[in-house]
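The block underneath contains the structure these notes are about, expressed in structure tokens.
The values are calculated or read from the model by the stated rules, or taken from the named source; none is laboratory data. Just so it is clear, the structure is predicted and the values come from calculations on it, not from any experiment. So basically every Cβ, Gly included, is an ideal-geometry build from the backbone, and we count neighbours across all protein chains shown. Just so you know, the surface numbers come from the protein's heavy atoms only, side chains and all, with ligands and any DNA or RNA stripped out. Shrake-Rupley method; radii C 1.70, N 1.55, O 1.52, S 1.80 Å.
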Amino acid sequence: MFENLSDRLSQTLKNITGKGRLTEDNIKETLREVRMALLEADVALPVIKQFIDNVKTKSLGLEVSKSLNPGQAFLKIVNAEMVAAMGEANEALNLATQKPAVIMMAGLQGAGKTTSVGKLAKFLKEREKKKVLVVSADVYRPAAIKQLETLADDIGVEFFPSSVEQKPVDIANGAIQHAKLQFFDVVILDTAGRLHVDTDMMDEIKALNEAVKPVETLFVVDAMTGQDAANTAKAFHQALPLTGVILTKADGDARGGAALSIRHITGKPIKFIGTGEKTDALEPFHPDRIASRILGMGDMLSLIEEVERTVDKDKAMKLAKKVQKGKGFDLEDFRDQLAQMRNMGGMMSMMNKLPGMSNLPDNVKDKVNDKQFVQMEAIINSMTPKERSHPDLIKGSRKKRIAAGSGTQIQDVNRLLKQFTQMQKMMKKMGKGGMKGMMRGMKGMMPPGGMGGMFGGGR
């Protein structure tokens, strides 16, 4: 997410943070580089101008020149201005209304609107404990109605049926009436994708909005369209009383122009950001955390929240007790750990949230391949229960059988067993010495070549 901008800014700021003294010249030179990075990231020109002006004014002020570490003080200013450009803090959905709270989704065709309805329904159901009803008023695409029905079934929320013969206003009113009778907390209304230049379609959505009076009208926009995303959102806001934006496909956006431009151009906050195809790949948009990620400083808060949400606490407790009692960490436990990591979005997703990861060499990043973790699980799945609990049994002919059963090579099986042994040693140290023992074990797990060796460098 926003890799190009992050790499460019990290390098530029690294050059200045190492300086013991800041002058007007080296601040100007750095800001020139920052401006180029923002232009390449497709950030809107008014946003860049204000950003650079604010950073320049504050950098040349007393707070930087009197700082013990002027480079760090400069970085702090850049970070604060980036947060300000994106909206200071996360703005949650305003659901404080008479039930059901109606959320209406609007946007262009292909922006990921229907998928976002499903993701938002899952978010509200699982994290906010709301009873959610979803409904499609897209009477132009029968496939969109079917898609939403399938999504609703997958995530376990109720779908209100609709058809292309009905009028959007009638569909919406019918769903809201049903929600009132069945005591739903939230109704999410999917609408047809439309172009802001299409007057008839825009009139239709205006009429729908006026009839339904949703508590939230969210504009769904594709992050990969850069500053065009901000301009389209502005055009929609002129027609509809938007309350916020959902930025989709951010995982495929290496630039970041939309994230940095939308708030300034529309005056509306980004409330959520889509970070992948899975139904749980929707995060509340926290400007401070996104700024921290862009500047290569990681996002530990989101990582901690993800661990809290996805790690099976009962399994974790059982494993901790097992290790403390001196009972060995086996391949079944190792497979559980791999599955937990996959549930958290995979290794790359976790690494993106760790500080300093942007400084890792590309050849190391390339080796962090989530496909390898899928392969490791497949190898363990090819073993018998006895082999999983007694890995020492796995010798020549067994290795051949396991490799054939998992569609891998014997060297892949050997590499998995080696990584398992390292993990086993770490767990043993953790059992003996608690967290200190674990940290010592992790150091031992790192090969001479750094992280790359752990992730299957040697083939």
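Please enumerate the residues belonging to region 190-247 that are in contact with a Pro (Cβ under 9 Å, 6 or more places away or on another chain) and of a type in the set (S, T, N, Q).
Within region 190-247, 191, 209, 217, 243 qualify.
From the list 345, 396, 356, which residue is open to solvent by less than 60 Å² (accessible area, probe 1.4 Å), more than 30 Å from residue 9 (Cα to Cα) and modelled with pLDDT under 85?
Testing whether each residue is open to solvent by less than 60 Å² (accessible area, probe 1.4 Å), more than 30 Å from residue 9 (Cα to Cα) and modelled with pLDDT under 85 leaves just 396.
Of the residues 275, 266, which single one is modelled with pLDDT under 85, touching a helix residue (DSSP H, G or I) at 6+ places or on another chain (Cβ under 6 Å) and either closer than 28 Å to residue 206 by Cβ or not β-branched (Val, Ile, Thr) (or both)?
Sole residue among the options that is modelled with pLDDT under 85, touching a helix residue (DSSP H, G or I) at 6+ places or on another chain (Cβ under 6 Å) and either closer than 28 Å to residue 206 by Cβ or not β-branched (Val, Ile, Thr) (or both): 266.
Please go through region 183-203 and pick out each residue that is in contact with a Lys or Arg (Cβ under 8 Å, 6 or more places away or on another chain) and either hydrophobic (A, V, I, L, M, F, W, C) or open to solvent by 40 Å² or more (accessible area, probe 1.4 Å) (or both).
The answer is 183, 184, 186, 192, 201, 202.
How many residues are touching a Lys or Arg at 6+ places or on another chain (Cβ under 7 Å) and either assigned to a loop (DSSP other than H, G, I, E, B) or open to solvent by 40 Å² or more (accessible area, probe 1.4 Å) (or both) if we restrict to region 264-280?
Final tally of qualifying residues: 3.
Pairs please, first residue from region 321-346 and within 16 Å of residue 387 (Cα to Cα), second anywhere and modelled with pLDDT of 75 or more and outside any helix (DSSP H, G or I), Cβ atoms under 8 Å, 6+ apart in sequence or on different chains.
Cβ pairs passing all conditions: 330/390; 331/383.
Restricting to region 228-241, count the residues that are surrounded by fewer than 21 Cβ atoms within 10 Å (Cβ to Cβ) and either within 26 Å of the chain's Cα centre (by Cα) or under 23 Å from residue 185 (Cβ atoms) (or both).
Total satisfying the criteria: 5.
Taking the condition modelled with pLDDT of 90 or more, small (Gly, Ala, Ser) and not in a strand (DSSP E or B), does residue 144 pass?
No; evaluated as a whole, the condition is false for this residue.
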